[in-house]
Structure formats: C-alpha cells, structure tokens
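Each remark here refers to the structure printed beneath this line.
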Amino acid sequence: MSSRRWAGGLLLAAALASLGPLVAYGNAAEEAEDPPSTAAVPLDELAATSTQVASGLSRPIAIAAPDDGTGRLLIAEKPGTVRVYHPDTGLAEKPLFSIADAVDDSENERGLLGLAIPPDFADSRELYVAYTALEDGAVTLARYSLADDSLEVLLSQEHAKFGNHNGGHITFDANGLLYMGIGDGGGAGDQDNNGQSTDTLLGKILRIDVSAACGELPYCIPEDNPFVGVAGAREEIWAYGLRNPWRFSFDPADNSLWIGDVGQGAQEEIDHLAPNQGGANLGWSCREGTVEFDPAHCPDNAEFVEPVHTYPLTGGNCSVIGGLVYRGQQYADLAEGTYLASDYCGATAIAIRPTADGAYETAEIGTFETQPTAFGATTEGEFYYVNDLPGGLHRVEFQEAGGAG
C-alpha cells in the first residue's frame, strides 16, 4: 500500500483494531458491549420540526460539512453542481464547482448522487463525488480537486440497462474509509438477482480506502473486508442484499452503520449494523424487509440481518430517506442517540432508538416539508435536510411534544 493523501496505513490499522473479529450476521445491538448513550426524553414525548433557511436549489440530493473552520455546508444538486450555504450569509449564488459536463441526469434517478468530505480536506482541497456518467449511465466514484478543477475517476459500475436504483450515496467512517452504496441495477424485482450475487457491485455497500492506491487500482481494499480472498467475489463489498440504499450514515458515538433501503412495493426498511458486521446479508431480493419476495432468489441456508424498522408503502409513503443519529449539543437533553429518518412522499419524521435490552423503539415525531431527499449535519452535529421540489434547505429543531419550541 502506498501513501497518497493521508495516513491510509494508519487508518487501516486503526480500523482493524476497532473492528475486532468479523461477524457476518447478527443483531447489531447484541454485538455492542457498551451501547452509546441516549437521551432521557421518551420518543413519544419528542417532536421534530424544521425551518426553511434557503431556497432556489436545483434538485438537492446531499449535504456535507467540511471540517475546515468555515462553518459552511456544501449541497450537491442532481444536475451536477455543488452549492455553498453559510448560516450567516445564506446560500451563495455561484456554485462552488460543477461537474455537469460529466453527469448524465437524463432520468429522474440519474445525476450527481453523492458528496463526501475526506479527513484531509482542509489541506488537500479535494472531495469525492458519485454520479451517473455520460454517456452510459455508469455509477461512478471520482475525486474532485478544488485546486485545479480536475476530476479523477476511481470506480465505475456499469448501469446502462435501467435508469433507476443507482444508489450513489458516499460517506467516510470514523477511520477514514469510504463507503459507497450502489442499487441493484434497476427495473423491478432484481431480475438478475444482483442483490444476492457477490460477483457484482450492484445491490451492495462498498468499503474502500481512497487515501492510497494499490496495484492497478486507484484505491486500496482493506484487508479485513469480508470477501477478501473469496473466489469469484468482489472484494470491495462490505454488505449485500440491498435494493437501493439511497442514504446511510455512521453514528459518531460507535461507528455503527444505519441504512435506509428503499423497498419494492410492500415495505420500506431501516437497518443497523455494528462495526464488526462486515459481510451482512440484508435479504434483497429473497426478501423485502421482513417478508419473502422471490423464493427463487433465496440462497440455501442463508442468514439475514433483520431490519430494525419497517413501514408499509401505504398512507402516501413511497421511499425511505435514511438519516442520522443525533450527537449534537443544542438538543442533547432531548434527542441524544436518536436516529432520525423520513420518507420521500410521506415526509414523516421517523425516530428510532436502540434500547438497553437490544431492541429498538420507534415513533413518528413530526412531519417535514414535502419530498425530503437527504439529511446532513454541521461539524457540531446539528441537523439539516434538503427537499427535492421546490428545492430547499431546512434546519431541524427538536422540542418536547406539545412544547412551544
């Protein structure tokens, strides 16, 4: 492994130390010896509201906060632009940069899909983007340099057959490793059983080290990835059996992974994986949520990680929008340890907390503006979200239910 931008080798060593023995399947809460703290206010006494702080965005799909002392948020727009918002000055009129000439946004689910800030951003002035590329719609991970406006493609997954289920979310974990979600290839019903096939990156969450290059790859594959050395398997895979993991995030308190996986027609699901659950099979397309979907796609003797929450595609719901665990200061006495998510059509504020006995409690604690697409947090841990149409940025507030705020 050769060093590139930050101490990839040191980060990998830290990752190995923190992960411990790999456990392919299991209950995330049972794996954690010391569950991170949560607030004392019960979920049925918590309410989430929001205030719009910016408008005029063009189909915003991701929020990222650079840890560079500026206090700004970066907002990715589906046509290929990244905008800057600061709470003191509002939304800057001019984009920070654009990769529109590389992006295929010809269909509803194509375009610029992900934005992630690496640990060395303040020095390197580089960040990472995921998008569907011209001319073939391939789901692409690339490194963008603000210094010279260069775009370096790191990974490309063919996705020409259908325009939907691209995934495209990217984020870094506490150890500086990059995770990327890719949908099952699109269409309906996972016709090629990509979710259960480990020889493809479709229907997966990937885990790679972009701080270094290894061999012919412009990134490295961590040695403890679950499919390293497995014949026929793609070694980048961290978790599989996903339909369209549109948004996922890490809890800053324990580096556990929360995933919102968009359903087919019966259930939307939210999954929670402990840091040592590499190789987890989340079930698609054998199952959708907790119900059987296609028995022909069920591997023999398969073990699946159960969702921690599902909800039906009724009452105006359509697509889960995975969120974040609150670890900020402003509402710590109310919302500490609360995972907040939503639904693109229903716009319900969905709250989930692990309990001391290894279970999870859930509640609907409010309603957001229509068509939320992504949550993000400031470097201090305070929440924002963006909504698709008409394209706004909203600050999230918590209060006791029935309170005045």
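The values are calculated or read from the model by the stated rules, or taken from the named source; none is laboratory data. These numbers were taken from a predicted model, which means no experiment stands behind them. Because the Cβ atoms are built from the backbone with ideal geometry, glycine has one as well, and the counts that use them run over all protein chains shown. All accessible areas refer to the heavy atoms of the entire protein, side chains included, with ligands and DNA or RNA removed. Shrake-Rupley method; radii C 1.70, N 1.55, O 1.52, S 1.80 Å.
Before moving on, here are some points about what is shown:
- Inter-centroid distance (Cα atoms) of segment 260-279 relative to segment 59-83, Å: 25
- Whether segment 75-134 is rounded, prolate or oblate, judged on the alpha carbon gyration tensor where a/c under 1.5 counts as rounded: oblate
- Computed label-point distance, nm, for sites Glu303 and Ser145 using a 7 Å Cα→Cβ extension: 4.7
- Sites listed here are GluC sites (Glu not before Pro) in segment 100-189 whose DSSP assignment is loop and whose Cβ has at most 11 other Cβ atoms within 10 Å: Glu135.
- By the equivalent-ellipsoid construction on the alpha carbon gyration tensor, segment 262-348 comes out with semi-axes of 27, 19, 7 Å, ordered largest to smallest.
- Chain lengthening between Thr379 and Arg125 when straightened (0.36 nm per residue, less Cα-Cα): 89.7 nm
- Just so you know, the Rg over Rh for the chain is 0.93, from Cα atoms, with Rh as the Kirkwood radius.
- Remark: segment 171-187, residue by residue, has Karplus-estimated 3J(HN,Hα) of 7, 9, 8, 5, 9, x, 8, 9, 10, 9, x, 10, x, 7, x, x, x Hz, where x stands for each Gly or Pro and the curve is 6.51 cos²θ - 1.76 cosθ + 1.60 at θ = phi - 60°.
- For segment 315-324, Karplus couplings with θ = phi - 60° (6.51, -1.76, 1.60), whole Hz, Gly/Pro x: x, x, 7, 8, 7, 5, 10, x, x, 9
- Per residue solvent-accessible surface (Å²) - segment 190-302, probe of 1.4 Å: 31
- For Phe368, neighbours were defined as the other residues whose beta-carbon sits under 13 Å from its Cβ, and their charges (Lys and Arg +1, Asp and Glu -1) total -4.
- Only aspartates and glutamates eight or more places from Lys204 in sequence, or on another chain, were considered; those with a Cα closer than 12 Å are Asp184, Glu235, Glu236, Asp261.
- Under-5 Å amide H pairs with Thr367, H placed in peptide plane, nonlocal only: Ala349
- Per residue, the convex hull spanned by the alpha carbons of segment 113-244 comes to 108 Å³.
- For segment 32-145, a Kirkwood hydrodynamic radius built from all Cα pairs, placed in the Stokes-Einstein relation at 25 °C and 0.890 mPa s, yields a translational diffusion coefficient of 152 µm²/s.
- Trypsin sites (Lys or Arg not before Pro), loop per DSSP, at most 14 other Cβ atoms within 10 Å - longest free stretch of the chain: 162-405
- Per-residue HN-Hα couplings for segment 65-80 [Karplus 6.51, -1.76, 1.60; θ = phi - 60°; Hz; x = Gly/Pro]: 10, x, 8, 10, x, 8, x, 8, 10, 9, 10, 8, 10, 4, x, x
- Tensor-based shape of segment 188-333 (alpha-carbon gyration tensor, a/c under 1.5 rounded, otherwise prolate or oblate): oblate
- Taking amide H atoms as placed 1.01 Å from N in the peptide plane, the amide H of Gly263 lies under 5 Å from those of Glu269, Val320, each 5 or more residues away in sequence or on another chain.
- Close amide H pairs (under 5 Å, H built 1.01 Å from N) link Phe97 with Val82, residues at least 5 positions away or on another chain.
- Binned Cα-Cα distance frequencies in segment 67-108 - 5 Å width, integer %: 6, 22, 26, 20, 13, 9, 5, 0
- Fraction in percent of alpha-carbon pairs per bin - 10 Å, segment 317-405: 17, 49, 30, 3, 0
- For the pair Ala266 and Leu389 in one chain, pulling the backbone fully straight at 0.36 nm per residue adds 41.8 nm over the alpha carbon distance.
- Relative contact order computed over the chain (Cα-Cα under 8 Å; 6+ residues apart), in percent: 19
- One decimal place: the segment Ala188-Cys318 gains 45.4 nm when fully extended, by the rule 0.36 nm per residue minus the C-alpha distance.
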